[in-house]
Amino acid sequence: MTEAMRTSGAQVRECFFSSEDWEKPGAPPRWKQAALAFHNPSALKQVRAAHQELGSDLWLAHNLLPVLSTGVLRTASQLNAPLALYLHNYRPYSVSGSLWAGNSVARGGLQKNFLREIMTGAWQGSVARTAWMAALLHLAHALGWYRRVNGWIAVSEFVRERFVEAGVPREKTHVLAYPFMPTEQPRVISTKAHFVFLGRLTVPKGVRVLLKSWDILREQMGTATPKLIVAGEGELQNEVIEAAAASQGSIEYVGNVTGEAKEALIAGSRALVVPSIWWDPYPTVVYEAFDQRCPVLAARSGGLPESVSHGERGLLHTAGDAAELADQVGMLHGDPATAEAMGRSGREWLLRNSGVQFWWERFSQIATEICSAQRTSVH
C-alpha cells in the first residue's frame, strides 16, 4: 500500500511496530505488555512525532494490537487527525482477530462476547492472555474509542457486513481490497496436471478437509488420482507429512515456498485449492493464482465468493464439504479445457480489478470522504 501511495504522489510516513519484538530478549515482561497493549507511550510518541512532522491528512491504521495499543484511537482524536482502520481481519470484535475459537467461528464476538475465545485460549494459546485482551477490547469499546474511528475500510463486502452487524455505522464503512500488481506476462507451462494448496497448515484453513478430499479421490480413482502439492507451514504440518507418506504418491508436501518457485508451482497447476472453513476475509493467494491463469477451487466462505465466481473463474464448494470438493477436483482433472478457460477468465478479471492506479483511485476517493466527514463532525 505504501508503494502504491508513493507511486501515486502521496507523502507517506510509516510507523511500523512488530509483535515479534515482544518475544525477543530485552522485551517488556508479560505483565507490562498487558498494560502497554492498552496504552504504549513509546509507540504513541513516535506516531505523534510523525504526524507533527508530516502534517498528515489521514492516519491509516492496520493491526494496532498488541504493540501500537488502542491508545492510537484516543491520540488521533486528541489531535483531530482523521483515522481510518484498514480491516484485514476482525480484531476490534475478536481477541485473536479471526473470530475462531476451538473448531468453529465464534460469532459472539460481533456482540463483544468473547467468552468462547477466552475458554479456548484463542490468542497465543493462553486463556489468561486471551482474557486480558478481551478485557482490553471491552474497555476500549466502553470508553468509546472505537466510535472515534472516522472510517472503516474492509477488504471485502463480507467483512464490511460483519462490522455493520457488530454496530459500526454503515455510512462509515468502505470496501477496498489489497493493491496487487499483476505480472506483465504469466509463465507458459504446457502441462498442468497437479493441484496445489498454498497457505498456513491449520484447521481454519481447511487443511483436514483438503486431506479428506484426497482420501475420497483415492477411493474413487485409485492410481489415477490427481496429484496434490501442499506448500506451507503450521500446526498441522505433521498430519500433512503423514498423509503424504500414506498417499501412494498422490500427495506431496514441499514445505514453505516463495518467490519464483511459488509462481512456477501455481503456473503449473490445474487449479489452486482454498478450502477455508473460517471466515477468510479476502485471501490474496487467489490473486496470485489468477495472475498465472490458474483457476481456484474455493470454499463458499468469507470473502472468497467475491473473487472466485462459480463456474467462471473457478468453482465454489460448501465450506467443510470434502466430498463436494473431491467432485470438483475430479471434474477439472478430467476437463483440462474448462480449467484453462477458467484460468484465462481469472487473469482477465484480475487485470480489470487490480494495479496501482485501480487501487489508488478508489483509496483516494475513500480518504477524501473520510477526511471530509471528520471535518464536518468537528465543526
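Given the options 19, 213, 301, which has the most mean-square fluctuation in a GNM of the chain, springs set between C-alpha atoms less than 10 angstrom apart?
Maximum fluctuation in the GNM of the chain, among the listed residues, is at 19.
Most exposed first by the Cβ proxy, i.e. fewest other Cβ within 10 Å, how do 327, 291, 21 rank? Each step should come with its number before you reach the end.
Details: 327 16, 291 22, 21 11.
With the fewest neighbours first, 327, 291, 21 line up as 21, 327, 291.
Sequence-distant or interchain residues sharing an amide H contact under 5 Å with residue 229, placed H: which?
Counting only residues 5 or more places away or on other chains, the set is 195, 196, 197, 252.
Taking 0.36 nm per residue of separation and subtracting the Cα-Cα distance, what length does fully extending residue 35 through residue 103 add?
Values: separation 68, 0.36 × 68 = 24.48 nm, distance 2.98 nm.
Stretched fully, the residue 35-residue 103 segment lengthens by 21.5 nm.
By how many degrees, 0 to 90 and rounded to 10, does the Cα axis of helix 41-54 deviate from the longest principal axis of the chain?
80 degrees
Which of 237, 42, 197 sits farthest toward the positive end of the charge dipole of the chain, with +1 on the Cβ of Lys and Arg and -1 on the Cβ of Asp and Glu?
Farthest towards the positive pole: 42.
Return the percentage of antiparallel bridges among DSSP beta bridges fully within the chain, rounded to the nearest 5 %. Display every interim value, and only then the final one.
On the way: 2 of 31 bridges.
Rounded to the nearest five, the antiparallel share is 5 percent.
I'd like to compare 259-267, 304-312: which one has the highest average count of other Cβ atoms within 10 Å, and what's the full order after that? Please report the intermediate quantities before stating the final value.
Numbers: 259-267: 15.7, 304-312: 17.8.
Listed from highest to lowest mean packing, they are 304-312, 259-267.
Under unit Cβ charges (Lys, Arg +1; Asp, Glu -1), what dipole magnitude, rounded to 20 debye, does region 194-352 have relative to its Cα centre? Can you show the working numbers first?
Details: 14 positive and 20 negative charges, 41 e Å.
Using only the charged Cβ atoms, the result is roughly 200 debye.
Need the list of lysines near residue 192 for cross-linking: C-alpha distance under 26 angstrom, and skip anything on the same chain fewer than eight residues off.
205, 212, 227, 262
How are the Cα pair distances of region 194-352 distributed, in percent, across 5 Å bins from 0?
That works out to 2, 10, 21, 24, 23, 14, 4, 1, 0, in percent per bin.
Please get the size of the charge dipole for the chain, origin at its Cα centre, with Cβ charges of +1 on Lys and Arg and -1 on Asp and Glu, quoted in debye to the nearest 20.
Values: 37 positive and 35 negative charges, 244 e Å.
Around 1180 debye, computed over the chain.
Can you put 164, 329 in order, fewest other beta carbons within 10 Å first?
On the way: 164 17, 329 26.
Ranked by crowding around the Cβ, least crowded first: 164, 329.
Please state the charge dipole magnitude for region 188-270, taken about the Cα centre, from unit charges on C-beta atoms (+1 on K and R, -1 on D and E), reported in debye and rounded to the nearest 20.
Computed charge dipole of region 188-270: roughly 260 debye.
Say each of residue 185 and residue 6 gets a label point 7 Å from the Cα, pointing the same way as Cα to Cβ; how far apart are those two points in nm?
2.9 nm
Looking only at 63, 150, 103, which one moves most when the chain is put into a Gaussian network model with springs between Cα atoms under 10 Å?
So, out of 63, 150, 103, the one fluctuating most is 103.
Determine, for 241, 370, 229, the number of other Cβ atoms within 10 Å of each Cβ, and report the residues in order from fewest to most. Show your work: numbers first, answer last.
Values: 241 15, 370 23, 229 19.
Lowest to highest Cβ neighbour count: 241, 229, 370.
FYI, it's all coordinate maths here, none of it is from the lab. As the structure is a computational prediction, the values presented were derived from the model and not from experiment. Note: ideal-geometry Cβ built from the backbone for every residue, glycine included; neighbour counts use all protein chains shown.
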